[in-house]
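First comes the structure, then the notes that go with it.
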């Protein structure tokens, strides 16, 4: 998981990387081998970053979500990936909730399986599938809201 993507500051990210490695070392005895080591390390990273953002009150949903605006369910397969601008997609990622961003990055950037994500976040595979679907729907909705269908 790229901590810098969440914290936006290189120095803070480097401090976090050090803290995360220290926590992992301290908790090494708790690693039971039921999942991969990387999934276990992901859970420590994820929880550390999310806890920090909560404490700093930087963990919030964007205004469109606070107003209970529900996105229209869009079939993501209707949009060809080649039509989506990477730069625009990065702007959309800045608007979604950090937990959704983390899930999408774990799945698509880091190529973790749903099972690995579920184990690292201590939740069911079905819950992860639903959260991923909702996150993808929000990304598509925001992308088209911000940049239009073309």
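The values are calculated or read from the model by the stated rules, or taken from the named source; none is laboratory data. On a predicted model such as this, the values are computed, not experimentally measured, just so you know. Methodologically, a virtual Cβ is constructed for each residue, glycine included, from the backbone with ideal geometry; neighbour enumeration extends over all protein chains shown.
Run down 145, 133, 101, 129 and say which single residue is surrounded by 18 or more Cβ atoms within 10 Å (Cβ to Cβ) and modelled with pLDDT of 85 or more.
Unique residue meeting the criteria: 101.
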Inset, instruction - Among the numbered conditions (1) outside any helix (DSSP H, G or I); (2) at pLDDT below 80; (3) more than 18 Å from residue 130 (Cβ to Cβ), tell me where residue 73 comes up short. - result: (3)
Inset, instruction - Could you tell me whether residue 46 is surrounded by 14 or more Cβ atoms within 10 Å (Cβ to Cβ), over 14 Å from the mean Cα position of the chain (by Cα), over 19 Å from residue 142 (Cβ atoms) and modelled with pLDDT under 85? - result: no
Legend entry - Residue in the stretch 123-136 that is closer than 25 Å to residue 41 by Cα, in a loop (DSSP other than H, G, I, E, B), touching a residue at least 24 places away in the same chain (Cβ under 8 Å) and within 14 Å of the chain's Cα centre (by Cα) present: no
Inset, instruction - Might you let me know whether the stretch 60-70 holds any residue that is at pLDDT below 75, surrounded by 15 or more Cβ atoms within 10 Å (Cβ to Cβ), touching a helix residue (DSSP H, G or I) at 6+ places or on another chain (Cβ under 6 Å) and under 19 Å from residue 96 (Cα atoms)? - result: no
Legend entry - Filtered residue count, the stretch 6-39, keeping only those that are touching a helix residue (DSSP H, G or I) at 6+ places or on another chain (Cβ under 7 Å), assigned to a helix (DSSP H, G or I) and modelled with pLDDT under 80: 6
